[in-house]
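What follows is one structure encoded as structure tokens, with my remarks underneath.
The values are calculated or read from the model by the stated rules, or taken from the named source; none is laboratory data. Quick caveat: nothing in here was measured; it's all calculated off a predicted structure. Counting neighbours? That spans all protein chains shown, and the Cβs are built from the backbone with ideal geometry, glycine included. Heavy atoms of the whole protein, side chains included, go into the accessibility calculation; ligands, DNA and RNA do not. Shrake-Rupley method; radii C 1.70, N 1.55, O 1.52, S 1.80 Å.
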Amino acid sequence: MAMTDLLSAEDIKKAVGAFSAAESFNYKKFFEMVGLKKKSAEDVKKVFHILDKDQSGFIEEEELKFVLKGFTPEGRDLSDKETKALLAAGDKDGDGKIGADEFATMVAES
């Protein structure tokens, strides 16, 4: 399944483009712009599984760095600072990674 099966290609392009500058990433604005906030819980889980590149059931710090590329190949890599901030925002149980429920919570709170 491709990200464009779940989200509009135009919304993805706009959202990724809005955060093209280094140190500009804001996950709350991004999730809203990309249309993720309006999606069903089932669709949010599908997006999670696309971003979970190694299919471990978690999005680890290394995968978070490439989260924008998960939406489109044109996306930039997040900086270490942005990656750590995103991990801190999503990792509610402190295990150093984001599970599907934690991801759903992040989207809902955005």
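Here are some notes:
- Given (1) among the small types (Gly, Ala, Ser); (2) open to solvent by 20 Å² or more (accessible area, probe 1.4 Å); (3) in contact (Cβ under 8 Å) with a residue 40 or more places away in the chain, number of the condition GLY99 does not satisfy: (2)
- Filter result for GLU60 (touching an Asp or Glu at 6+ places or on another chain (Cβ under 7 Å) and open to solvent by less than 50 Å² (accessible area, probe 1.4 Å)): no
- Residue list for the range 66-84, filter: open to solvent by 50 Å² or more (accessible area, probe 1.4 Å) and either out of contact with any Phe, Trp or Tyr (no Cβ under 8 Å at 6 or more places or on another chain) or among the basic types (Lys, Arg) (or both): PHE66, LYS69, PRO73, GLU74, ASP80, LYS81, LYS84
- Filtered residues of the range 33-46 (kept if surrounded by 15 or more Cβ atoms within 10 Å (Cβ to Cβ) and either closer than 14 Å to GLY75 by Cβ or without any contact (Cβ under 8 Å) to a residue 12 or more places away in the chain (or both)): MET33, VAL34
- All helices (runs of 4 or more DSSP H) inside the range 11-67 with 3 or more residues being under 22 Å from LYS92 (Cα atoms) and within 11 Å of the chain's Cα centre (by Cα): 27-33, 41-51
- Residue in the range 18-32 that is farther than 19 Å from LEU64 by Cβ, open to solvent by less than 80 Å² (accessible area, probe 1.4 Å) and modelled with pLDDT of 95 or more present: no
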